[in-house]
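Data block below; observations after.
The values are calculated or read from the model by the stated rules, or taken from the named source; none is laboratory data. Just so it is clear, the model here is predicted, and its values are computed rather than measured. All Cβ positions, even for glycine, are placed from backbone atoms using ideal geometry, and neighbour counts span all protein chains on display.
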Amino acid sequence: MWAAFHYTSEYADGKASSAQNNNTVHIEHQQLDTMIEKSAHLSGKAVTSFVARAPGVRVVPFSLFPTLRVKSVTGDGGTPLNFIQEDKLDDPDFWVVLSKPLEVGEKYTITTTYDGKDAVSNQGGGNYFPNAREDWYPNAAAGAFGEYTNYDLTFRIPKGMKMAATGDLVSDSNEGDHNVSVWKSSVPLAVAGFNFGKFKVIDTKLDKPEMQVLSYANEDPPSWVQSLQFAATGDRAGSAGMMGYNGDAVGGALGSMSTVDLSKKALGEGELSVRIYTDFFGPINYKRLQITQQTATNFGQSWPGLVFLPMSYLFDTTTRHALGNLMRSMYPTYSDDPYGYFKVVAPHEVAHQWWGQTVGFNSYRDQWMSEGFADMSASIYLQMVYAKEPQKYITFWNDERRLLTEKNAQGFRAIDAGPLVMGWRVVNSREGSSNYRALVYPKGAYVLHMVRQMMWERQSGDQRFKDTMHDFVSTYSGKVATTEDFQAMVEKHMSKGMDLAGNHKMDWFFREYVYGTYLPSYSFESSFSKNTDGDVVLKFKITQSGVDKNFAMPVPLYLELANGSIARLGSATLVGNSNVDQSITLTSLKDTPKRAMINYYDDVLASN
Ligand SMILES: [Zn+2]
């Protein structure tokens with residue numbers, strides 16, 4: 001991006017909106033016929049129907065993986081059309097030249113044939129890795145996720161392989177040397193995708209919500225793991241000491257690297273995530289959730305009804321640690337799981353079925369809602385599933401805060417890099433490339449968490465938060481939402497206690513944490529005594545610092561009661577660099593609490 005300018009009205013408001021849409025066409029329907037050979041060579045035919053959004057559209061850009069070379073493009077009635085696609089190492093962007101300019105709202109259909117290697121790679125052992133995720137077909141060029149399209153998909157893959165794709169499975173059969181499967185979207189989808197391999201499939205059916213959850217795993221490792229196994233066995237006899245790891249552990253663990261047993265874990269986590277998120281956020285329109293293994297070890301991904309989990313997630317801790325040791329011998333800074341990534345990768349990716357897929361984001365300014373909400377959803381998963389180990393939930397938020405406040409290799413903290421709505425534009429050569437990940441995920445998660453904590457009420461618990469999120473999901477299902485849409489939804493459901501400015505607006509909160517880069521610090525002192533009636537009296541002082549004079553925040557107070565349970569007492573609202581110094585008589589308590597605390601559940605994102 002060379003330069004970016006806002007509308008005059010945005011300068012006047014002092015706030016940029018993310019509602020702009022720069023695509024000149026909207027793709028309504030895609031019919032994709034795709035053949036993938038044993039070698040992973042892909043050939044495709046796409047029938048793409050779109051409608052013009054701007055007057056006089058004559059040249060239409062598409063997003064297509066650079067090594068997929070276009071053979072032909074035809075328009076209405078089979079007329080050959082000109083197209084542009086330079087060499088993959090030059091400027092391979094794919095543009096189609098229409099035979100005439102389109103009026104706004106005018107429909108047009110093109111048929112594109114293309115083929116090439118590297119869009120998918122054959123990794124050995126029946127493992128195929130889709131390199132091209134959103135551009136294995138001619139997709140919308142800008143903001144691929146802002147568009148919702150209907151898809152009809154047909155895949156031909158080598159016989160013996162199993163396909164998992166987006167949409168409902170219409171048919172699955174063998175024809176000659178190929179497995180042929182047909183898929184149809186029942187609602188418009190933000191993207192289409194697939195994963196296939198020599199998968200073993202296990203599944204379970206949920207009735208509330210009605211959904212089939214399937215888990216796909218390959219018994220055979222890809223060839224690069226096989227070579228690691230070989231290296232491990234070799235090193236055990238030879239240079240184990242030099243490699244700096246315990247050869248027995250590595251050899252033994254890598255010897256049994258089958259992921260199929262642990263596929264059950266993926267199925268279980270998928271099922272639990274779906275139940276918990278449906279309760280908190282409301283139902284979604286997908287009836288099939290396929291959780292699939294991918295050979296990448298460093299990331300997961302989520303397409304509509306299709307989750308890609310890193311193969312390493314499916315390893316047990318011992319194996320993952322052994323693999324980590326091997327990786328470290330090659331890359332000294334490699335870390336097994338520095339911020340608890342593997343603990344929540346499945347719940348995070350399943351949450352993207354709600355955030356990013358069902359509710360889309362309009363631009364990079366709103367992407368924090370996709371990644372941040374998915375991370376925050378994973379915290380609810382930890383809180384619900386590990387109710388007997390509450391420390392997991394606390395640790396999760398400590399890790400998120402650490403990501404935001406630790407200096408990166410260039411000496412910068414993500415929290416200072418820019419506001420959430422800057423999205424990937426916080427990445428630059430001076431401050432390094434880590435700040436997008438280290439800002440958008442944890443801070444986006446904190447923003448939603450803070451909304452939840454502000455909405456929590458003693459009588460009804462999370463009900464107000466659930467109502468807000470159900471409303472948000474049903475309003476924006478199959479559409480994009482902007483940051484401003486989300487603020488309006490929070491304002492629709494806000495409590496009196498959240499109305500700090502007395503104007504039924506949440507501007508104060510969004511200014512501080514979404515459009516701003518504030519990070520307050522708090523200190524807290526407290527003591528207990530008894531009054532003449534024998535009631536427990538709490539005396540406390542909360543000090544807020546490191547902010548400007550308008551920074552306002554309700555800070556929750558908690559008690560650890562004599563029996564060890566945690567109770568929320570209320571909250572104290574602080575404005576600017578100031579303190580609240582108060583005594584409260586706790587008439588309902590017989591025994592003196594063990595301690596008083598603020599921010600026990602990381603209710604407010606603060607420096608400590
Ligand atoms: Zn994510």
For ALA119, the lone unmet condition from (1) under 27 Å from PRO158 (Cβ atoms); (2) of a type in the set (Gly, Ala, Ser); (3) over 31 Å from the mean Cα position of the chain (by Cα) is (3)
Consider LYS590 carefully, then state whether it is more than 19 Å from HIS449 (Cα to Cα), outside any strand (DSSP E or B), more than 31 Å from the chain's Cα centre (by Cα) and at pLDDT 95 or above. no
When region 12-30 is examined, which residues are found to be modelled with pLDDT of 90 or more, more than 26 Å from the chain's Cα centre (by Cα) and either small (Gly, Ala, Ser) or surrounded by fewer than 17 Cβ atoms within 10 Å (Cβ to Cβ) (or both)? ALA12
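Yes/no per residue for (1) of a type in the set (Phe, Trp, Tyr); (2) out of contact with any Pro (no Cβ under 7 Å at 6 or more places or on another chain); (3) surrounded by 15 or more Cβ atoms within 10 Å (Cβ to Cβ):
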position: ARG458; (1), (2), (3): no, yes, no
position: ARG464; (1), (2), (3): no, yes, yes
position: ASP467; (1), (2), (3): no, yes, yes
position: TYR513; (1), (2), (3): yes, yes, yes
position: GLY534; (1), (2), (3): no, yes, no
Residue, farthest from the ligand (Cβ to nearest atom), within region 345-360, restricted to residues that are crowded, with 23+ Cβ neighbours inside 10 Å and without any contact (Cβ under 8 Å) to a residue 60 or more places away in the chain: TRP355
Hey, among PRO338, PRO332, PRO310, which residue is surrounded by fewer than 24 Cβ atoms within 10 Å (Cβ to Cβ), within 14 Å of the ligand (Cβ to nearest atom) and at pLDDT below 95? PRO310
Which of the following residues is buried (at least 19 other Cβ atoms within 10 Å of the Cβ) and assigned to a strand (DSSP E or B): LEU519, LEU538? LEU538
Mind telling me which of the residues GLU134, GLU147 ends up being acidic (Asp, Glu), out of contact with any Lys or Arg (no Cβ under 7 Å at 6 or more places or on another chain) and surrounded by 20 or more Cβ atoms within 10 Å (Cβ to Cβ)? GLU147
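Residues checked against (1) over 11 Å from PRO347 (Cα atoms); (2) without any contact (Cβ under 8 Å) to a residue 40 or more places away in the chain:
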site: MET376; (1), (2): no, no
site: GLU389; (1), (2): yes, yes
site: ARG401; (1), (2): yes, no
site: ALA409; (1), (2): yes, yes
I'd like to know if region 463-474 contains one or more residues that are of a type in the set (A, V, I, L, M), out of contact with any strand residue (DSSP E or B) (no Cβ under 9 Å at 6 or more places or on another chain) and farther than 30 Å from ALA596 by Cβ. yes
Counting just the residues of region 284-297 that are touching a helix residue (DSSP H, G or I) at 6+ places or on another chain (Cβ under 8 Å) and surrounded by fewer than 20 Cβ atoms within 10 Å (Cβ to Cβ), which one comes out nearest to VAL385 (Cα to Cα)? THR297
Could you tell me which of the residues GLY268, GLY251, GLY255, GLY238 is of a type in the set (Gly, Ala, Ser) and at pLDDT 85 or above? GLY268
Filter region 468-525 down to the residues that are among the charged types (D, E, K, R), more than 19 Å from TYR446 (Cα to Cα) and touching a residue at least 12 places away in the same chain (Cβ under 8 Å) and list them by number. ASP471, LYS479, LYS492, LYS505, GLU525
Could you tell me which of the residues MET454, MET450 is part of a helix (DSSP H, G or I), touching a Leu at 6+ places or on another chain (Cβ under 7 Å) and among the hydrophobic types (A, V, I, L, M, F, W, C)? MET450
Picking from SER363, SER377, the residue that is under 30 Å from HIS26 (Cα atoms), hydroxyl-bearing (Ser, Thr, Tyr) and crowded, with 21+ Cβ neighbours inside 10 Å would be SER363
Among (1) away from the ligand (no atom under 16 Å from the Cβ); (2) assigned to a helix (DSSP H, G or I), where does TYR436 come up short? (1)
For region 284-300: of the residues being within 19 Å of GLY125 (Cα to Cα) and hydroxyl-bearing (Ser, Thr, Tyr), which is modelled with the highest pLDDT? THR292
Under 11 Å from the mean Cα position of the chain (by Cα), under 21 Å from VAL451 (Cβ atoms), within 16 Å of the ligand (Cβ to nearest atom) and at pLDDT 95 or above, is that true of TRP303? no
Restricting to region 366-384, give me the number of residues that are more than 24 Å from VAL426 (Cα to Cα) and either aromatic (Phe, Trp, Tyr) or not in a helix (DSSP H, G or I) (or both). 1
Give the residue, chosen from LEU586, LEU605, that is closer than 21 Å to GLU457 by Cα and either without any contact (Cβ under 8 Å) to a residue 60 or more places away in the chain or loosely packed, with under 12 Cβ neighbours inside 10 Å (or both). LEU586
Given (1) away from the ligand (no atom under 16 Å from the Cβ); (2) basic (Lys, Arg); (3) surrounded by 15 or more Cβ atoms within 10 Å (Cβ to Cβ), index of the condition LYS443 fails: (1)
